[in-house]
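Report on the structure given below.
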Amino acid sequence: MTLAHDLTHHISVAAAGTGKSRQERNLIDMPNPEGSTNPYAPKFDPEDPTGRTLILPVFFLYPEHATSDAVPEFVEDTTFGAHLAVMFPGDAPASERQSWDTEGKYVDDGSLVVYAMTRRRRLLKVGRKMTLRDVCRAASGAGAVGSDGKSDGLEVKDGCLSFVVVPKGEVERKWVDDYKNMRVMV
């Protein structure tokens, strides 16, 4: 059983008692027939007395450097700004920055931008104050259904969500242009 299947199972089982469903979270399972090597599993927050708060593994991708970070337990009610503050502290000396950030561009001083990509290839700019739950809601595209008959949402691949982090300015513009060009070709 893959993590993606496991996510569907976890959400379906827990949602049965609460009336919630993965469709309400706009999470779209993208099964991997090869299975997954992801050691982190989605789960519901054991500290939430309602049993409704989802914790998901999240990958932050840095396309400028062809690297990524994993946040194994991103609680859906936590802001993206809170994660950026931990990952890229503004007051960190150069010696404590990510080894790949040789230019010091990845600092939580308001100069980083986070993007989510939806199944219908829309780009969502994620604000610092947005929670994962907020992004899931925004990903629905107001519940619109595409010409293929499928609704929009965030793709869960191997049990994980992925987000892109880029510095504002030229790097961001180039990445957005590249994404839009790739989207046209798919």
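The values are calculated or read from the model by the stated rules, or taken from the named source; none is laboratory data. Computed from a prediction, not measured in an experiment: that's the story for all the values here. Because the Cβ atoms are built from the backbone with ideal geometry, glycine has one as well, and the counts that use them run over all protein chains shown.
Observations
- Qualifying residue in the range 114-122 (condition: closer than 27 Å to M30 by Cα, of a type in the set (A, V, I, L, M, F, W, C) and modelled with pLDDT of 95 or more): yes
- Criterion: within 17 Å of V164 (Cα to Cα), charged (D, E, K, R) and at pLDDT 95 or above - qualifying residue of K125, K105: K125
Listed here are the residues, each with its yes/no results for (1) over 15 Å from the mean Cα position of the chain (by Cα); (2) of a type in the set (A, V, I, L, M); (3) modelled with pLDDT of 90 or more.
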| residue | (1), (2), (3) |
| --- | --- |
| A138 | no, yes, yes |
| D148 | yes, no, no |
| G159 | no, no, no |
| S162 | no, no, yes |
| W175 | yes, no, yes |
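- Within the range 68-84, tally of residues that are among the aliphatic types (A, V, I, L, M), farther than 13 Å from V165 by Cα and touching a residue at least 12 places away in the same chain (Cβ under 8 Å): 2
- Criterion: in contact with a helix residue (DSSP H, G or I) (Cβ under 7 Å, 6 or more places away or on another chain), in contact (Cβ under 8 Å) with a residue 40 or more places away in the chain and part of a strand (DSSP E or B) - qualifying residue of V113, V165: V113
- Test for E170: is it modelled with pLDDT of 90 or more, closer than 23 Å to L84 by Cα, of a type in the set (D, E, K, R) and surrounded by fewer than 20 Cβ atoms within 10 Å (Cβ to Cβ): yes
- Selection from the range 39-76 of residues that are in a loop (DSSP other than H, G, I, E, B), crowded, with 19+ Cβ neighbours inside 10 Å and of a type outside the set (D, E): Y40, P42
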